[in-house]
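Visitor: Structure below; questions to follow.
The values are calculated or read from the model by the stated rules, or taken from the named source; none is laboratory data. As the structure is a prediction and not an experimental result, all values here were calculated from the model. Here the Cβ positions follow ideal geometry from the backbone for every residue, glycine too, while neighbour counts run over all protein chains shown. Calculation scope for accessible area: heavy atoms of the full protein, side chains included, ligands and nucleic acids excluded. Shrake-Rupley method; radii C 1.70, N 1.55, O 1.52, S 1.80 Å.
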Amino acid sequence: MSNQVIWRIQKLPITGSTNDDAKRAAENGETEGLVVWALQQTAGRGRHGRTWQSPAGNLFCSILLRPKESLQKIGCYSFLVANAMYDTVRQCLPVADITLKWPNDVLVEGKKIGGILLETVGDALIVGVGLNVMEYPEEALFPSTSLRAEGAKARTLDEVLDMLLQNIRHWYGVMQKDGFEPIRQDWLKHAQKGPLSVKLPNEVLQGEFAGLGATGDLRLKLADGSERAIATGDVFIG
């Protein structure tokens, strides 16, 4: 795909899940570039099937891509989109403390403002994005915030979506031209560093952020000085 892709936006007043809509479109042969955008979701979800609260006023969209890379490398796209979300939030909050928490969260002042959900169907990649623009959940697994709560200049959802899609187009062009490494390097500039807790299926690890592997795995330095590579898990600060 050229980085001059023209997005095709399908705007819905309400839907169950934009990811499900995009997956159905992919199964029906829809080509790359479709963006399903809903003003409200009734069955939004995050990683591991968790509910993603989807009140009106926030941004919920899913983007259909058909990458040239093997689907085994699809996890790298989480960091590509995280970079695009970082750039978007930075445009809205020029002086805020914005960090990226492995593998798919965007934080402002240590609170979650957005997340990413990758799903595949056939050779298609569905990129689900949720960004808290006007509202944020008071009770959630992670402390949360919104652009409005952080004092961002009022912007329409159309404006925020346009910024996001421009930034995704840029980083997708980088991936197509130069591969994952420049994306990894940029993500590392904004990574949430310091002490982290990682919840795995059978254990909880405490350690220090030690980097990002060549395929997107988290590197965690443990108290004994050893380093652990983590491919999947829930990460908490501290």
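Visitor: State yes or no: is Q72 open to solvent by 10 Å² or more (accessible area, probe 1.4 Å) and at pLDDT 95 or above?
Guide: Spelling it out, it is not the case that Q72 is open to solvent by 10 Å² or more (accessible area, probe 1.4 Å) and at pLDDT 95 or above.
Visitor: Further question on the same structure: If you take the residues in the stretch 145-155 that are in contact (Cβ under 8 Å) with a residue 40 or more places away in the chain and of a type in the set (A, V, I, L, M, F, W, C), which one is surrounded by the most Cβ atoms within 10 Å (Cβ to Cβ)?
Guide: The selected residue is L147.
Visitor: If you don't mind, there's one more thing I want to ask. Which of (1) free of Cβ contacts under 8 Å to residues at least 60 places away in the same chain; (2) closer than 17 Å to P143 by Cα; (3) not in a strand (DSSP E or B) does P103 not meet, given it meets every other one?
Guide: So P103 meets the others, but not (1).
Visitor: Is it the case that R50 is more than 24 Å from Q192 (Cα to Cα), of a type in the set (K, R) and at pLDDT below 95?
Guide: no
Visitor: Inspect the stretch 99-113 for any residue being of a type outside the set (V, I, T), closer than 27 Å to A210 by Cβ and in contact with a His (Cβ under 8 Å, 6 or more places away or on another chain) and give the result as yes or no. Write out each step before concluding.
Guide: Our first condition is that a residue be of a type outside the set (V, I, T); within the stretch 99-113, this holds for 100-105, 107, 109-112.
Checking which are closer than 27 Å to A210 by Cβ leaves us with 100-105, 107, 109-112.
Then keep just the ones that are in contact with a His (Cβ under 8 Å, 6 or more places away or on another chain); that gives 100.
Among the residues of the stretch 99-113, at least one is of a type outside the set (V, I, T), closer than 27 Å to A210 by Cβ and in contact with a His (Cβ under 8 Å, 6 or more places away or on another chain), which makes the answer yes.
Visitor: Which fully enclosed strands (runs of 3 or more DSSP E) of the stretch 156-238 have 2 or more residues being farther than 23 Å from S70 by Cα and open to solvent by less than 60 Å² (accessible area, probe 1.4 Å)?
Guide: 195-199, 204-212, 218-222, 234-237
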